[in-house]
Amino acid sequence: MADRDFLLPQRSTVRTMRERLVSPVRDFRIDALGAGAGPRPGGVRALAAALGLTMPVSVFADVPQAQPVLVFKLTADFRKDPDPRKVNLGVGAYRTDESQPWVLPVVRKVQQQIAANESINHEYLPILGLPEFRSNASRIALGDDSPAIKENRIGSVQGLGGTGALRIGAEFLRRWYNGTKNAATPVYVSSPTWENHNGVFSAAGFTDIRSYHYWDASKRGLDLQGMLQDMENAPEFSIFVLHACAHNPTGTDPTPEQWEKIASVMKRRFLFPFFDSAYQGFASGDLDKDAWAVRYFVNEGFELFCAQSFSKNFGLYNERVGNLIVVGKDGDNVLRVLSQMEKIVRVVWSNPPAQGARIVATTLSSPELFSEWRDNVKTMADRILLMRAELRSRLEALGTPGTWSHITDQIGMFSFTGLSAKQVEYLINEKHIYLLPSGRINMCGLTTKNLDYVATSIHEAVTKIQ
Amino acid sequence: MPTLSVFLDVPLAPKIGSKLLDEFKQDQNPNKVYLAYGVCMTGDGVPWLSPVVPKTLMKLANDPSFSYECQPEQGLDAFVRVTTELLVGRHSPAIVDNRVGGVQTIGGNGAIQLGAKFLKDWYPGSRSVYIQSAQKDQHGLIFQEQGFIIREYTIWDPYRLVSDVGKLIEVAEQAYDKSILVIYNPESFVLPRKKWMKLSKTIKKKQIFLFFDVPHQGFLSGDPDRDSKILHYFVSHGFEFFCSQSLSNSFGLYDERTSNLVVVAMNNKALLCIRSQLTIYARYLWGSPPALGSRVITTVLSNPALRVEWKKSLRGMVENIMLTREKVKEKLRLLGTPGSWEHITQQDGIHSFLGISVDQVNYLVKKKHVYIPKSGQINFTCINSHNIDYIAQSINEAILAIGPGPEPREPPPKPPPSRPDSKDSKLLGIKAPGAKPSPFAALFRK
């Protein structure tokens with residue numbers, strides 16, 4: 001690394017510098033090059049640079065600047081746009097009809113209760129997380145009468161949001177799953193999927209991440225045949241990341257009959273299901289309905305992981321509440337798996353943060369708060385369902401070319417409109433409607449005030465740009 | 001069920017947690033005392049919490065503008081700014097030059113995790129990490145998981161019963177070029193200026209990368225600004241380094257895991273590039289950091305009145321520790337306990353070495369129900385008015401029963417071995433190398 005000067009300029013350089021300095025900067029203390037000289041406009045380095053001195057090079061000079069995520073750029077562009085008609089359909093969170101974030105009344109209430117509770121001590125949580133949170137969260141996903149819970153063969157780990165839960169699961173599988181293959185085990189993610197699925201599994205060390213057929217662009221729906229074919233062709237014991245409900249980004253879920261077919265192939269081919277459940281209750285407004293797929297797999301005797309996130313259904317994006325559920329054949333297997341996960345957590349973040357887990361645990365364990373929360377979730381789901389129906393009927397009334405039934409067939413926060421990249425570009429540039437190039441829109445971006453504008457704009461884009 | 005579990009091969013990992021604590025919990029003796037808690041305790045034997053914290057929590061809970069939206073992936077900008085300033089000083093030349101910044105992380109652990117991952121991917125130096133023995137298990141394992149070779153060192157001088165920071169110079173001199181030196185609790189380093197200059201010269205010459213770990217700023221002198229002086233020195237001398245800055249201890253807010261990985265870079269461009277890469281690691285580990293802890297700390301540090309109150313509470317707590325040390329020393333003197341106990345008051349912070357032998361530790365644990373780790377390093381905040389007499393008497397008894405412990409004395413004059421303070425250390429990884437893969441896949445198919 002001879003070309004990398006890790007050191008500061010040597011004394012001799014410093015002297016030359018002193019000689020070159022002229023009167024206006026006489027107070028410049030040369031021995032304080034970069035040292036405790038106190039604030040100085042532009043800094044010592046700027047001055048030195050102005051004088052044409054070579055400054056020391058960072059040992060990290062080769063590190064490139066990573067690009068920001070597309071969604072953030074989209075949001076930034078939206079903010080900058082002065083047009084009063086502008087609409088942001090690119091955000092990743094719930095918005096009210098007033099385009100505002102919604103604080104669930106039950107969440108605010110519980111947070112106040114927690115703040116007023118002087119008996120809470122602020123010591124570290126256990127490594128695996130808050131026990132009341134873990135058990136209640138798992139119960140919500142698997143159902144009160146889950147055979148796995150009754151047979152005592154489930155366990156869970158508190159994660160930092162869905163991402164953290166996925167990561168702990170991935171770290172575990174990379175170390176212990178599939179005999180000696182481990183990291184070489186293929187991990188299948190849907191095409192398309194949430195970008196973090198790829199990122200999390202490869203960051204955890206998996207080397208063979210593949211995609212399975214999911215979205216059929218021509219039908220604007222699920223490509224079941226393609227999906228089943230990929231499962232047939234996948235090496236045994238491959239890991240399949242499945243979206244429990246409200247598929248991100250397409251909003252397209254398999255029907256119960258389709259799930260049954262998927263499960264039967266997966267069972268026959270010894271494929272490992274890793275569910276990502278980020279929208280329970282948020283999709284249909286019904287907690288049980290949205291958990292149908294996961295519960296079906298559990299009832300079918302699968303061993304599986306399920307990463308739960310409470311960001312959306314609690315509107316609790318900020319506190320990073322997630323839960324990784326482990327369902328095993330028997331309690332002993334689960335115990336051993338959790339003992340290894342504890343070691344992984346110890347290295348990754350050691351102990352999870354408490355606030356979000358406390359809010360969720362308090363809400364889920366009190367019957368009154370629970371029913372209040374269920375109502376809050378339904379409020380959000382209903383607004384989204386309404387926006388779907390309204391958008392579809394408007395497009396159909398306008399006679400926009402193509403079919404628009406997929407808008408209401410899809411579920412959850414996101415919809416894959418089927419708009420082409422060029423049409424998206426037109427909407428952004430000409431109509432000030434911001435959405436991702438994939439044509440994904442957040443239904444919460446629609447409000448009763450902008451529905452007409454959005455519908456006519458889409459109509460215009462589709463008719464003008466083929 | 002016809003098929004076997006896919007988890008059949010997964011061995012049971014030994015339970016994480018302190019065996020000593022388990023033994024303590026099972027002990028029925030009414031006099032039992034546990035002196036090894038990781039957190040700072042109050043005189044009533046409960047974890048210490050700065051009074052500004054509950055007040056601020058209440059304030060935030062009733063703040064209608066409190067947002068539940070996702071924080072940026074690199075953390076709350078205001079939090080990163082105020083805590084970085086707390087560490088390097090508001091008027092630091094690095095702040096003026098805009099070459100110091102941070103990324104909010106999940107605890108000190110998360111900060112080490114991000115830093116280690118970054119160094120693995122981007123540090124063009126050696127794979128050797130020098131780490132203090134006491135931090136080996138926790139932080140050493142993180143580096144080892146990233147493929148680094150862990151080399152252990154200690155600055156505790158068992159002969160003179162003091163932390164001898166001078167040993168750090170030896171470690172630096174013997175370290176491989178371009179290796180990584182993790183310095184835990186650098187605030188506690190009291191070195192004459194000349195020795196500092198020697199140390200920094202050596203570090204520069206050998207192009208060693210510094211990774212500081214500041215777990216409890218303010219716990220030594222009671223003044224966070226005074227504690228971090230040593231980091232100011234390194235900043236002002238043009239070092240590029242990382243520093244894991246945990247705020248849990250300084251606020252008593254352990255359960256929100258609020259920390260900052262401070263990056264001091266050579267220039268603004270390098271800082272931006274480094275932060276952008278750290279952000280990617282964070283994205284796939286935890287998405288974005290949790291909000292509450294960072295909001296509490298940002299609120300306190302940016303509000304002059306609350307900041308003063310926080311500092312006052314910190315000072316009060318530290319004065320208490322100092323008083324406890326004096327009392328223990330005085331009680332041992334009154335009891336006529338053989339040996340010198342000056343080292344008790346010469347050390348700072350909550351954890352310090354009692355300077356007793358392993359046999360004496362065993363005696364205290366087995367006979368007196370006073371639970372002390374083998375190293376003899378205890379948490380002084382676990383000593384309070386209820387148990388201090390019993391503890392002093394027990395120590396006295398142990399010394400009398402086992403015989404004189406390691407008296408402070410000059411080290412034996414023997415030539416130092418080639419790398420006396422750094423021995424290679426292989427930790428048992430998360431997946432132990434000996435784990436035998438079994439042919440369960442074949443069984444499964446049947």
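The values are calculated or read from the model by the stated rules, or taken from the named source; none is laboratory data. What you see is a predicted model; the values in this text were computed from it and never measured. Every residue, glycine among them, receives a Cβ derived from its backbone with ideal geometry; neighbour counts consider all protein chains shown. Just so you know, the surface numbers come from the protein's heavy atoms only, side chains and all, with ligands and any DNA or RNA stripped out. Shrake-Rupley method; radii C 1.70, N 1.55, O 1.52, S 1.80 Å.
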- For the range A:154-289, what class follows from the C-alpha gyration tensor (a ≥ b ≥ c being the square roots of its eigenvalues): rounded when a/c is under 1.5, otherwise prolate if a/b is larger than b/c, else oblate? oblate
- The A/B contact buries a total accessible area, at probe radius 1.4 Å and rounded to the nearest 100 Å², of 8500 Å²
- Message: With the alpha-carbon atoms as the only input, what is the per residue convex hull volume for the range A:274-358 in Å³?
- Response: 103 Å³
- Quick one: divide the alpha-carbon radius of gyration of the range A:386-433 by 2.2 N^0.38 Å and tell me what you get. 1.19
- Message: At 1.4 Å probe size, put B:K206, A:K449 in order of accessible surface, largest to smallest.
- Response: A:K449, B:K206
- Query: Which value at 222 nm does chain A reach when only helices count, each DSSP H run of 4 or more adding -39,500 (n - 2.57), with the total divided by all residues and rounded to the nearest 500 deg cm²/dmol?
  - Reply: -13500 deg cm²/dmol
- Solvent-accessible area of B:V162 with every protein chain in place, 1.4 Å probe, in Å² to the nearest 10: 40 Å²
- Message: If I model a spin label as a point 7 Å beyond the Cα along the Cα-Cβ vector, how far apart are those points for B:D63 and A:V71 in nm?
- Response: 2.4 nm
- Take A:I127, B:I203 and sort them by solvent-accessible surface of the protein heavy atoms, 1.4 Å probe, largest at the top. A:I127, B:I203
- Message: Per-residue Cβ counts within 10 Å, from other chains only, averaged over A:106-113: what number is that?
- Response: 3
- Let me have the 222 nm mean residue ellipticity of chain B computed from DSSP H runs of 4+ only, each contributing -39500 (n - 2.57), with the sum over all residues rounded to the nearest 500. -13000 deg cm²/dmol
- Under a 1.4 Å probe, counting only protein heavy atoms, B:T42 has an accessible area in Å², nearest 10, of 40 Å²
- Item | Share of carbon and sulfur in the accessible heavy-atom surface of the range B:117-193 [1.4 Å probe, %] | 49 percent
- Item | Crossing angle, helix A:367-398 versus chain A [Cα axis fit, 0-90 degrees, rounded to tens] | 90 degrees
- Task: Check cross-link reach from A:K86 to the lysines: straight Cα distance under 27 Å, and skip same-chain residues fewer than eight apart.
- Result: A:K73, A:K312, A:K422, A:K431, A:K449, A:K464
- Output for the range B:89-236 (equivalent-ellipsoid semi-axes, sqrt of 5λ from the C-alpha gyration tensor, Å, descending) is 21, 20, 17
- In Å², what does the accessible area per residue of the protein assembly as shown work out to with a 1.4 Å probe? 40 Å²
- Please give the residues of the range A:81-114, grouped as numeric ranges, whose backbone N is less than 11 Å from a label point set 7 Å along the Cα-to-Cβ vector of A:L386. A:97-98
- Task: May I ask for the equivalent-ellipsoid semi-axes of the range B:1-91, computed as the square root of five times each C-alpha gyration tensor eigenvalue and listed largest first in whole Å?
- Result: 38, 29, 17
- Message: Please compute the average number of Cβ atoms from other chains found within 10 Å of each residue's Cβ in peptide B:61-70.
- Response: 6
- Note on the structure: Plugging the Cβ-Cβ distance of A:E98 and B:V358 into 1/(1 + (r/R0)^6) at R0 = 51 Å yields, to the nearest 0.05, a FRET efficiency of 0.15
- Task: At 7 Å along the Cα-to-beta-carbon direction for both A:I120 and A:K150, put a label point, then send me their distance in nm to one decimal.
- Result: 3.6 nm
- Query: Which FRET efficiency, nearest 0.05, do A:N429 and B:L428 yield, Cβ-Cβ r, R0 56 Å?
  - Reply: 0.45
- The Cα radius of gyration of chain A, divided by 2.2 N^0.38 Å with N its residue count, comes to 1.18
- In whole percent, how big is the carbon plus sulfur part of the accessible area of the range A:124-365, probe 1.4 Å, protein atoms only? 47 percent
- Item | Whichever lysines have a C-alpha closer than 17 Å to that of B:K59, once near sequence neighbours (fewer than 8 apart) are set aside | A:K109
- Note on the structure: Rounded to the nearest 0.05, FRET efficiency between B:I16 and A:D62 (Cβ-Cβ, R0 22 Å) equals 0.05
- Work out the mean other chain Cβ neighbour count within 10 Å for the residues of B:82-95 and drop it here as an integer. 2
- At 10 °C in a medium of viscosity 1.306 mPa s, the range A:124-365 has a Stokes-Einstein diffusion coefficient, with Rh taken as the Kirkwood radius over alpha carbon pairs, in µm² per second, of 90 µm²/s
- Query: Taking B:K205 as the anchor, which lysines have their alpha carbon closer than 30 Å to its alpha carbon, excluding any fewer than eight residues away along the same chain?
  - Reply: B:K117, B:K120, B:K136, B:K167, B:K178, B:K194, B:K195, B:K229, B:K269, B:K414, B:K423, B:K426
- Compute the Cα gyration tensor for the range A:227-341, then decide on rounded, prolate or oblate, letting a ≥ b ≥ c be the square roots of its eigenvalues: rounded whenever a/c is under 1.5, prolate when a/b is larger than b/c in the other cases, and oblate in all that remain. oblate
- Please calculate the 1.4 Å probe accessible area of B:K366, with all protein chains present, and give it to the nearest 10 Å². 150 Å²
- Query: Using a basic spin-label model with each label point 7 Å from the Cα along Cα→Cβ, how many nm lie between B:K195 and B:N268?
  - Reply: 4.0 nm
- Based on the alpha-carbon gyration tensor of chain B and its eigenvalue square roots a ≥ b ≥ c, which shape applies: rounded if a/c is under 1.5, prolate if not and a/b is larger than b/c, or oblate? rounded
- Query: Taking N as the number of residues in the protein assembly as shown, what value does Rg over Cα atoms divided by 2.2 N^0.38 Å take?
  - Reply: 1.01
- Packing-wise, with mean Cβ within 10 Å as the measure, how do B:73-85, A:341-353 rank, highest first? A:341-353, B:73-85
